[in-house]
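Below is one structure, written out as C-alpha cells; comments come after it.
Please treat every number below as a calculation from the coordinates, not as lab data. No experiment lies behind these values; they were computed from the predicted model shown. Neighbour counts are summed over all protein chains in view; Cβ atoms, including those assigned to glycine, are modelled from backbone coordinates with ideal geometry.
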Amino acid sequence: MQTRKPSYSSTWMSYSRNVCGTWDFRLPHRRSSPMSNTVHRDGRFLFWIKHNCSVPPVTMFNHIVLPMNNIALPNMSVFPVSEQNSVRFGERTFNGINTPDVAGIQFEGVKEPIYPIKRESNAKALFAPFALAFFVTVHTATVPSVREPKIIYANRAKEHTRTEKVPFNYVISGYNEMPHHRRTPFAVAPNGNSYVAYLAAGYVHVQQLDKNLKAVGPEVKVRGYEASGLVAHNDGFALLTSQNASTPNGETVAALVRVKGTAVAWTVPLNGPSFYDQGFGGTSSPVLDGDLAWNGEYYGAYFIVHGYGGGANGHYGDSIEYVDANGKVNKSPYSNAWGCSHNEGIAIMQTKTLPFLTLCSNDWHTGIFLNTDTRSMSGPKISNDQTWAGYGGEPFGGEGGSFSNVAAFKNGRYIVAWQTRGASKVVTDSGDSEVLDVTARWGVHNVAIAILKDKSTPLTTVPTKPGGAGDTNINWVTKTANIDHVNVRVAAYGANQAVVTWEQVTSPKCNAGTCTGTFVATYIQLVDSNGAKIGTPLKTPATVGGDMRVMANGDIVWPYVDTKWDLSASIWDPSSMRTSKLSFARLSVA
C-alpha cells in the first residue's frame with residue numbers, strides 16, 4: 001500500500017464561522033498507521049491544525065468529506081496539545097472505509113501545509129534548560145549459579161547523583177497512542193566502562209559511566225533527534241541518530257556519529273540525497289526505529305526509511321548499512337537501501353562476518369522473517385501474525401523499541417523474543433497468493449521465543465502453508481487468553497542461558513491490536529539454549545526502558561525510569577512526561 005501526500009482544493013471542506021486567522025494543516029510523523037497517521041485502517045481520522053486564536057475554538061469545521069468514498073464527517077472534538085497555538089482533532093469513527101482506497105483528503109481554504117514537519121534544530125518547544133539533579137539509582141537482583149533454576153530479587157541498593165542541565169522525556173506513544181518507554185540506549189565497552197544516552201533539547205546527551213555506574217568525565221552532546229543505537233568503545237562511542245539534511249521532503253536522515261574522547265571524530269549520513277545508494281528514489285528517516293551493532297570491524301545499522309522519490313515515494317521501508325571503523329560506508333551486497341517494506345519491527349545482532357543477523361516484521365507478509373541472507377521480507381519465517389496496513393503487532397516493541405530482542409549463546413545458537421497474538425488460522429490472501437491472511441488467536445499478546453541454529457537458520461519455523469493454525473511451532477513462554485504481555489526483551493545470561501523479560505498487564509481491554517489494563521510488574525524468565533524454561537519467573541517493579549547489557553562480571557544491567565508505570569489508557573501527548581532521575585536494574589550472579 002502506498003502512503004500518499006494529501007491533496008488540497010476548495011471543494012471538499014468548509015470552515016465554521018468561529019475560525020480566526022490563517023490555518024496550516026499538519027500531519028504528525030507517525031509511521032505506525034497508514035496514510036501518515038491521517039486515516040487509520042480501523043476508521044479513525046486524526047490530524048493537527050496550526051492556528052493563531054487566543055483560545056482554541058471547540059468546533060473548527062462544519063464537516064470533512066473523504067474523496068472516493070464520499071463520506072462526510074460532522075463536527076469533530078478538539079484535544080489541546082503541548083505545542084503553542086496548536087490543537088489536535090481527536091478520533092472520529094466511521095464505517096466502510098478501506099484505507100488503501102483513500103487517495104487523498106481535500107480541504108477548503110487551507111494554506112499550503114508544512115508537510116512533512118521538519119524538526120526545529122533548536123528544539124525550543126521541547127524542553128526548558130532547567131538546572132536539575134540527575135540521579136542514578138541502582139536496583140540489584142540476584143541470580144544464583146547457572147545450575148540453579150531460581151531467580152531472587154533484592155531490594156534497592158544505593159544511589160549516585162550528578163547534575164544535568166535538562167530533564168528528559170521518557171515516554172513515547174506507540175500504536176493506538178499506547179505509552180511505550182522512550183528508549184534509553186546503554187552500551188558496555190570492552191574495558192568494562194559503559195555509556196548511557198538520553199534525548200533533551202535537540203541533542204543526544206551521552207554520559208560515560210564506570211564499572212559501578214558512576215559518571216566519569218564530562219557529558220558529550222551530539223546534535224540529533226533520536227537515539228536509536230549506541231556502541232561503546234574504550235576511547236568513546238558510536239551513535240545512530242537522526243539529523244537535519246536537505247531532503248526534498250524536509251525530513252531528517254539517519255546518521256552514524258563516532259565520538260572519540262569528547263569530540264566527534266566523524267559523521268556519516270546513511271540515507272538522504274548525498275548517500276551513494278538512492279534505492280528506488282531516495283529516502284529519509286523521520287522516525288528512526290532501529291539499532292546499531294559492532295563486530296570489531298564493521299558497524300551494522302538497521303533502521304526505518306521513508307521514500308521521497310521514484311517508486312518508493314511515500315512508502316516506508318527499512319535499510320541496512322555497514323560502515324567501517326574509519327567511517328567509510330561498505331558498498332557491499334550485504335547492504336540494502338530498501339528491504340523490508342513497511343517494517344513494523346527491527347532486530348539486528350553482530351556476527352563475526354557480514355552480513356549480521358537481522359529480523360524484520362512487516363504489515364504485508366504478516367509476520368517476522370529471519371532476513372539475514374535476503375535483507376528483505378523473505379527468508380525463514382519465525383512468526384505468523386495478524387497484520388493490517390500500518391500494524392504489525394509491535395513484536396519488537398514498536399515505537400521506541402527495536403532493541404534487546406535477540407541474544408547470542410556461547411554454543412553458536414541465538415535466541416529471539418517477541419510479543420504475539422498468535423495465529424489460530426492462516427489462509428491465502430485473495431488478492432496476493434504470496435501472502436497469508438492470519439486470524440489472531442487472542443486479543444492479548446503472549447511471549448514467544450525462537451532458537452536459531454545459526455544467524456540464518458531457525459531451529460523450527462512456523463507453518464506457512466494455508467489451512468489450520470499458524471503458530472503450532474511457537475515456543476511459548478506465556479500462553480493465556482486473559483493477560484496481556486508487552487515490552488518483551490531478552491539478554492544472554494552465562495554461557496548458554498538467557499533471561500526473557502516482559503511487562504504483565506491484567507484486566508486487559510483490547511481493541512485494534514492493543515490493550516489497556518493494569519500494569520502488574522516486569523517478569524524475568526530464565527531459559528536455556530533449547531528454549532526450555534528454567535524455574536519460575538522473577539517479578540520486579542523495574543521496567544525495561546533501555547538496552548539490556550552484559551557487564552564484565554556477567555551481570556545484566558539496563559536503564560529505566562523509576563516511576564509508577566501506567567498502561568490503563570492511551571496518551572495523546574507524552575512530551576510533558578519528563579524526569580531528571582535515571583535508574584539502573586541489575587541481575588547479578590550470587
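At 0.36 nm per residue, minus the direct Cα-Cα distance, what do Met551 and Ser568 gain on full extension? Give it in nm, one decimal, please. Intermediate values should be presented prior to the final figure.
Working: separation 17, 0.36 × 17 = 6.12 nm, distance 3.43 nm.
Value of the extension gain: 2.7 nm.
Counting every other Cβ atom within 10 Å of each residue's Cβ, Tyr308, Tyr302, Tyr198 order from fewest to most as Tyr308, Tyr198, Tyr302. Protection proxy ranking for 180-193, 550-563, using the average of other Cβ atoms within 10 Å per residue and placing the highest first: 180-193, 550-563.
Of Asn411, Gly345, Trp294, which is farthest on the positive side of the dipole of the range 284-428, counting Cα position, with +1 on Lys and Arg Cβ, -1 on Asp and Glu Cβ, and the Cα centre as origin? Comparing the listed Cα positions along the dipole, Asn411 ranks first. From least to most packed, judged by other beta carbons within 10 angstrom and beginning with the fewest, Arg549, Arg375 follow the order Arg549, Arg375.
With both labels modelled 7 Å from their Cα along Cα-to-Cβ, the Asn473 to Glu434 distance reads 2.0 nm. Summing charges over neighbours of Thr267, with a neighbour being any other residue whose Cβ is under 12 Å away from its Cβ, gives +2 when K and R count +1 and D and E count -1. If you take the Cα centroid of the range 278-313 and the Cα centroid of the range 167-201, the two points sit 20 Å apart.
Other residues whose C-beta falls under 15 angstrom from the C-beta of Asn553 contribute a net charge of +1, scoring Lys and Arg +1 and Asp and Glu -1.
Electrostatic bookkeeping for Asn169 treats Lys and Arg as +1 and Asp and Glu as -1; over the other residues with beta carbon under 10 Å from its beta carbon, the sum is +2. The calculated pair-distance distribution of the range 452-511 uses every alpha carbon pair, bins of 5 angstrom beginning at 0, and gives 4, 13, 14, 20, 21, 15, 9, 3, 0 percent. Ordered by the count of other Cβ atoms within 10 Å of each Cβ, fewest first, Asp528, Asp318, Asp235 give Asp235, Asp528, Asp318.
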